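Chemist: Before I ask anything, let me first share the structure, which is written out below as structure tokens.
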Amino acid sequence: MFEYFKLIGSGPNDLSAAIHGGLGIILLAAFIWAVEAVLNKSPEAFKRLKIGSIVMAVSSFLTIIYGNIIYIAYRAKDGVQPWLKDNNIYWFHTLGMEFKEFAALFSFPLAIAIAYTLFTMSEDWFKSDWARKTVKISLFIAIFFTFGAFILGAAVTKAKAI
Amino acid sequence: MSNTVTTESRTASNRVTNTVTVQVREVKSAIAFLAAGLGLLSVSILNLLQSLTGGLKGPVGTFLTLHQGIGPYSGKQVFSVLVWFIAWAVLKKSLSGKDFEPAKIMRWAYILIVAAGLLVFPPVIELFV
């Protein structure tokens, strides 16, 4: 089993980068889990939705924290950013990272607002079509930005890993 | 007869109270999304201001650099979180309990979120710079 850990790499930033990517996968999975739960109107689904919203908020926060940690390595003198600029791969840096870093931020406030809505509505959730529609649309917006950030992050890593 | 009337009026009164409670909770939820939209828009505005004033080494870029390693991105995150929470507190105090349509508040929240998304998209930023 420990052989698999070697796939992560042994560089100073490899573990942080792997945790960042792993948390991103958990975040996306939590969003998809929440979409399934919001489409289902049963009380059990509402419980799943509440759990999903907490996982979304926590994983989003931790993904951003780890993103900041590896961003320091990305911007360092011998990091990926100068390499991309030196090799004139403008769009990889501008779209791949500059846009990605902001797109990734969208998930956290949206996840918090979704969780807040679910816990505030509580038993009134089943009486409010508005709340269900709002959470559904917000989940899709959050998935759009998170998935975009995930794809762009993978593209930058493919060009040059941290 | 009078008992039936009393029970009916109580049921109607409970229904009104329930509807009001649901709407109060909906408005509270909509406010949370509106505050999130304001926080996100503040990130994009700070980013645009940095691009318009000389980038990383300009006055806004320097001001936003709270952490040397992370650069101006650190300030954008910190200040946007502040805007988000302050906006949430102010909006909650001023809008809660008042007769607002949650759908109308939410429409503004969507506009702010979409505007924030567009304003951090590099081809859109290049239109201003």
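Chemist: Where in segment B:47-129 are the helices (runs of 4 or more DSSP H), entirely inside, with at least 2 residues that are more than 8 Å from chain A (Cβ to nearest Cβ) and over 20 Å from the mean Cα position of the chain (by Cα)? Write out each step before concluding.
Modeler: On the way: elements: B:59-64, B:72-95, B:102-119, B:122-128.
Here the list reads B:59-64, B:122-128.
Chemist: Would you mind stating whether A:Ile114 is more than 30 Å from B:Leu56 (Cα to Cα) and not charged (D, E, K, R)?
Modeler: Details: more than 30 Å from B:Leu56 (Cα to Cα): yes; not charged (D, E, K, R): yes.
Yes.
Chemist: Please list, ordered by residue number, the helices (runs of 4 or more DSSP H) wholly in segment A:1-114 having 2 or more residues that are among the charged types (D, E, K, R). Break it down stepwise before answering.
Modeler: On the way: elements: A:2-5, A:14-39, A:43-75, A:80-86, A:90-93, A:100-103.
The qualifying helices (runs of 4 or more DSSP H) are A:14-39, A:43-75, A:80-86, A:100-103.
Chemist: Something else about it: Looking at this structure, is A:Ala73 small (Gly, Ala, Ser), within 9 Å of chain B (Cβ to nearest Cβ), surrounded by fewer than 21 Cβ atoms within 10 Å (Cβ to Cβ) and on the phi < 0 side of the Ramachandran plot? Write out each step before concluding.
Modeler: Values: small (Gly, Ala, Ser): yes; within 9 Å of chain B (Cβ to nearest Cβ): yes; surrounded by fewer than 21 Cβ atoms within 10 Å (Cβ to Cβ): yes; on the phi < 0 side of the Ramachandran plot: yes.
Here the answer is yes, as A:Ala73 does meet what is asked.
Chemist: Would you be able to tell me the number of residues in segment B:77-97 that are buried (at least 16 other Cβ atoms within 10 Å of the Cβ) and β-branched (Val, Ile, Thr)?
Modeler: So the count comes out to 2.
Chemist: Next question. Do we have any residue at all in segment A:45-58 that's crowded, with 20+ Cβ neighbours inside 10 Å, without any contact (Cβ under 8 Å) to a residue 24 or more places away in the chain and facing chain B (nearest Cβ under 10 Å)?
Modeler: no
Chemist: If we keep just the residues of segment B:98-120 that are among the hydrophobic types (A, V, I, L, M, F, W, C) and over 18 Å from B:Asn47 (Cβ atoms), which is surrounded by the most Cβ atoms within 10 Å (Cβ to Cβ)? Steps first, answer last, please.
Modeler: Taking segment B:98-120 and keeping what is among the hydrophobic types (A, V, I, L, M, F, W, C), we get B:100, B:103, B:105-106, B:108-109, B:111-116, B:118-120.
Among the residues that remain, those that are also over 18 Å from B:Asn47 (Cβ atoms) are: B:100, B:103, B:105-106, B:108-109, B:111.
On the way: B:Phe100: 16, B:Ala103: 12, B:Ile105: 20, B:Met106: 23, B:Trp108: 14, B:Ala109: 26, B:Ile111: 13.
Only one residue tops the list, namely B:Ala109.
Chemist: Tell me yes or no: at least one residue of segment B:44-62 is free of Cβ contacts under 8 Å to residues at least 24 places away in the same chain, of a type in the set (A, V, I, L, M, F, W, C) and surrounded by fewer than 13 Cβ atoms within 10 Å (Cβ to Cβ).
Modeler: no
Chemist: Tell me yes or no: at least one residue of segment A:100-120 is open to solvent by 40 Å² or more (accessible area, probe 1.4 Å) and more than 10 Å from chain B (Cβ to nearest Cβ).
Modeler: For segment A:100-120, residues open to solvent by 40 Å² or more (accessible area, probe 1.4 Å) and more than 10 Å from chain B (Cβ to nearest Cβ): absent.
Chemist: Could you please tell me which pairs satisfy a Cβ distance under 7 Å, a separation of 6+ or placement on different chains, a first residue in segment A:123-139 that is farther than 15 Å from B:Ala30 by Cβ and open to solvent by 10 Å² or more (accessible area, probe 1.4 Å), and a second residue that is part of a helix (DSSP H, G or I) and at pLDDT below 95?
Modeler: As it stands, the answer is A:Lys127/B:Val22, since those pairs meet every condition given.
The values are calculated or read from the model by the stated rules, or taken from the named source; none is laboratory data. Since the structure is predicted, the reported quantities are computational estimates derived from the model, not experimental observations. Cβ atoms come from the backbone with ideal geometry, glycine included; neighbour counts cover every protein chain shown. These area figures cover heavy atoms from the full protein model, side chains too; ligands, DNA and RNA do not enter into them. Shrake-Rupley method; radii C 1.70, N 1.55, O 1.52, S 1.80 Å.
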